[in-house]
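The values are calculated or read from the model by the stated rules, or taken from the named source; none is laboratory data. Quick caveat, the model's predicted, so the values are computed rather than measured. Virtual Cβ from ideal backbone geometry, glycine too; neighbours counted across all protein chains shown.
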Amino acid sequence: MAKEVIIEEMPDLKKASRRNRRPTEFVLDEMVIPTQLKLLANGKKFFIRTYGCQANVLDSQNLEGILLEIGYVSCDDPLEADIVILNTCAIRENAEDKVFGEIGSLKQLKNKNKDSLICICGCMSQQPHIVEKIRKTYPQVDIIFGTHNINHLPQLIQKALETNSRIIEVYSKEGEVIEHIPCYRQDRFKAFVNIMFGCDKFCTYCIVPYTRGKQRSRKMEDILFECKNLVEEGYQEITLIGQNVNAYAKDLDLGYDFATLLVEVAKLGIPRLRFTTSHPWDFTEGMFKAMATYKNIMPAIHLPLQSGSDDVLRRMGRRYTSKEYMALVDKLREIVPNVAITTDIIVGFPNETDQDFEDTLNVVRYVKYDSAFTFIYSPRVGTPGANMKDEVSMETKHERFNRLVDTLAVDIKAKADAYIGKIVPVLVEGCSKKNTTRLTGYTDTLKLVNFVGNPEHVGKIVKVKINEAHTYSLIGEEVDE
Ligand code: SAH
Ligand code: SF4
Ligand code: F3S
């Protein structure tokens with residue numbers, strides 16, 4: 001018999017797009033785990049699959065922290081688990097398709113273990129049409145929750161187990177800042193730290209402001225406290241995370257900004273400090289100066305271009321022109337000469353003309369990126385872009401996409417070639433299981449390096465001489481200081 005569905009709250013895109021001027025509420029989560037649940041969960045296994053960006057990676061670290069606190073233990077195979085969580089991404093249709101494929105295959109888990117729980121959370125859950133589809137088409141899904149109520153996981157699990165029903169609880173509020181949610185980081189050397197949640201930019205193609213709520217910055221003292229602990233635990237690298245990190249604290253009005261935060265975290269003495277993502281609109285010279293002054297702030301910046309056409313940029317709501325973008329790149333290179341610049345570009349925004357696309361290629365040739373993520377535009381339900389007329393064929397979009405990738409590759413390879421013969425610092429992340437002298441890691445400029453070295457140096461920053469360059473990786477050998 002089909003399980004009963006308990007709807008605590010359904011997502012609502014209209015509500016999600018509202019922005020009030022009320023200050024953000026800061027909530028200290030107490031996370032009291034009911035004893036009953038601890039007994040039910042004791043030693044049972046969980047599996048989490050994470051899709052999407054660093055925001056989801058961090059949410060999954062919180063989910064893992066909570067599950068461990070309840071008493072579950074982690075496992076590597078979803079079909080062996082008692083509880084499976086898919087932490088989903090809604091940024092493009094292909095991201096969603098992957099999740100539906102996985103939900104389909106999890107039917108096997110239900111056949112094997114009918115008491116298992118399948119949970120869907122993350123950005124897909126924040127979309128009403130997706131929740132409806134899951135509810136109607138995928139009876140194997142037991143719990144749907146969203147990006148605003150990760151801390152309710154213990155209560156949701158307990159309710160699903162006790163009532164043997166399906167539960168939907170997705171809030172579409174602007175959001176709070178919730179501190180003290182348990183967090184488990186598997187990585188011992190590199191850590192992401194949230195500095196803000198949500199986004200207020202509402203680029204016309206993008207679903208994130210709806211799925212993540214309004215921009216809410218964490219207080220600087222809370223961020224510094226977390227970073228200080230990471231430094232004391234021996235972490236080598238911290239990446240400050242947010243959708244628009246350089247807009248940090250604009251919503252707080254406490255007399256500090258992103259440049260202040262960068263400097264304060266750098267002063268804690270973490271060997272490597274990174275941040276992502278920056279929006280070209282919110283830059284201050286103070287940020288660049290901080291990068292130039294503190295050698296532990298890595299010379300690498302992700303600066304999404306999206307398009308090089310001023311008309312497309314305007315229709316995307318990006319708030320800068322191609323000229324302004326290129327001037328920003330010039331300024332950045334003047335102040336931080338060795339900086340590596342990477343980007344995101346969307347091809348085939350509605351009614352992008354041949355000339356619009358040529359304009360994008362021209363900016364690409366001007367900037368000479370170190371690396372880039374390229375996407376074909378994917379209409380997202382509820383965003384303004386989804387209502388724009390589009391006469392451009394998919395074939396044309398694919399042709400443009402391929403030309404863009406080829407154009408980018410020319411400079412990416414040239415940049416990689418320039419490393420040949422150089423000795424560069426690499427944070428060693430791991431070694432190959434088959435041959436432990438084959439190590440892998442990243443340079444300060446975020447280039448992937450595969451090299452021969454000492455496996456005891458995993459987790460340390462070593463010097464590597466580069467002997468060979470591919471477009472997306474460098475090959476080298478460890479050398480003495
Ligand atoms: N906050 C970041 C990036 C967020 S999403 C920023 O503002 O740059 C990551 C990337 O996905 C975006 O930079 C954009 O290039 C791409 N993207 C977002 N929505 C998309 C859509 N509807 N179709 C295709 N690509 C999209
Ligand atoms: Fe999306 Fe634009 Fe916000 Fe980035 S800045 S998350 S692209 S709306
Ligand atoms: Fe995807 Fe949500 Fe991140 S839509 S890219 S997981 S904010």
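Limited to region 135-180, what total is found for residues that are of a type in the set (S, T, N, Q), assigned to a loop (DSSP other than H, G, I, E, B), touching a residue at least 24 places away in the same chain (Cβ under 8 Å) and in contact with a helix residue (DSSP H, G or I) (Cβ under 9 Å, 6 or more places away or on another chain)?
The qualifying residues number 4.
Restricting to region 394-408, and then to whatever is among the hydrophobic types (A, V, I, L, M, F, W, C) and either loosely packed, with under 15 Cβ neighbours inside 10 Å or in contact with a helix residue (DSSP H, G or I) (Cβ under 8 Å, 6 or more places away or on another chain) (or both), can you tell me which residue is farthest from P299 (Cα to Cα)?
M394
Give region 26-50 a look and list any residue that's farther than 26 Å from E102 by Cα and loosely packed, with under 12 Cβ neighbours inside 10 Å, or say none.
L28, E30, V32, T35, Q36, L39, N42
Select from region 346-393 the residues that are touching a residue at least 40 places away in the same chain (Cβ under 8 Å), over 22 Å from H470 (Cα atoms) and of a type in the set (K, R) and list them in ascending order.
R380
Considering E399, E478, which residue is over 20 Å from D344 (Cα atoms), of a type in the set (D, E, K, R) and over 26 Å from the mean Cα position of the chain (by Cα)?
Exactly one of E399, E478 is over 20 Å from D344 (Cα atoms), of a type in the set (D, E, K, R) and over 26 Å from the mean Cα position of the chain (by Cα), namely E478.
If a residue must be farther than 21 Å from A249 by Cα and in contact with a helix residue (DSSP H, G or I) (Cβ under 7 Å, 6 or more places away or on another chain), how many such residues does region 281-293 contain?
Qualifying residue count, region 281-293: 1.
Return the only residue of K98, K44, K3, K110 being modelled with pLDDT of 95 or more, basic (K, R) and more than 26 Å from N194 (Cβ to Cβ).
K44
For region 363-383, what are the residues that are within 14 Å of ligand 2 (Cβ to nearest atom) and outside any loop (DSSP other than H, G, I, E, B)?
F373, F375
Evaluate region 308-325: report whether one residue or more is out of contact with any Pro (no Cβ under 9 Å at 6 or more places or on another chain), over 26 Å from N387 (Cα atoms) and of a type in the set (A, V, I, L, M, F, W, C).
no
Determine, yes or no, whether E237 is of a type outside the set (A, V, I, L, M), over 21 Å from F26 (Cα atoms) and either away from ligand 3 (no atom under 16 Å from the Cβ) or surrounded by fewer than 18 Cβ atoms within 10 Å (Cβ to Cβ) (or both).
When the stated conditions are applied, E237 passes them.
Kindly indicate the residue of region 183-228 that is of a type in the set (A, V, I, L, M) and over 16 Å from the mean Cα position of the chain (by Cα) and also farthest from ligand 1 (Cβ to nearest atom) among those meeting that condition.
L224
Specify which of the listed residues (V99, V57, V84) is of a type outside the set (G, A, S), within 16 Å of ligand 2 (Cβ to nearest atom) and under 30 Å from S378 (Cα atoms).
None of the other options fit; the residue is V57.
Name the residues in region 86-128 that are charged (D, E, K, R) and surrounded by 19 or more Cβ atoms within 10 Å (Cβ to Cβ), would you?
E96
So if I check each of E102, E69, E64, which one is within 16 Å of ligand 3 (Cβ to nearest atom) and acidic (D, E)?
Result: E102 is the single residue among E102, E69, E64 that is within 16 Å of ligand 3 (Cβ to nearest atom) and acidic (D, E).
Considering only residues of region 300-315 that are farther than 17 Å from T445 by Cα and outside any helix (DSSP H, G or I), which is nearest to ligand 2 (Cβ to nearest atom)?
Q306
Pick from V405, V392: which is away from ligand 2 (no atom under 16 Å from the Cβ), under 27 Å from Q243 (Cβ atoms) and of a type outside the set (G, A, S)?
V405
Please count how many residues of region 356-386 are within 13 Å of ligand 1 (Cβ to nearest atom) and of a type outside the set (A, V, I, L, M, F, W, C).
Total satisfying the criteria: 10.
Name the single residue that is surrounded by the fewest Cβ atoms within 10 Å (Cβ to Cβ) among those in region 160-186 being among the charged types (D, E, K, R) and modelled with pLDDT under 95.
This residue is E162.
How many residues does region 440-467 contain that are part of a strand (DSSP E or B) and within 25 Å of the chain's Cα centre (by Cα)?
8
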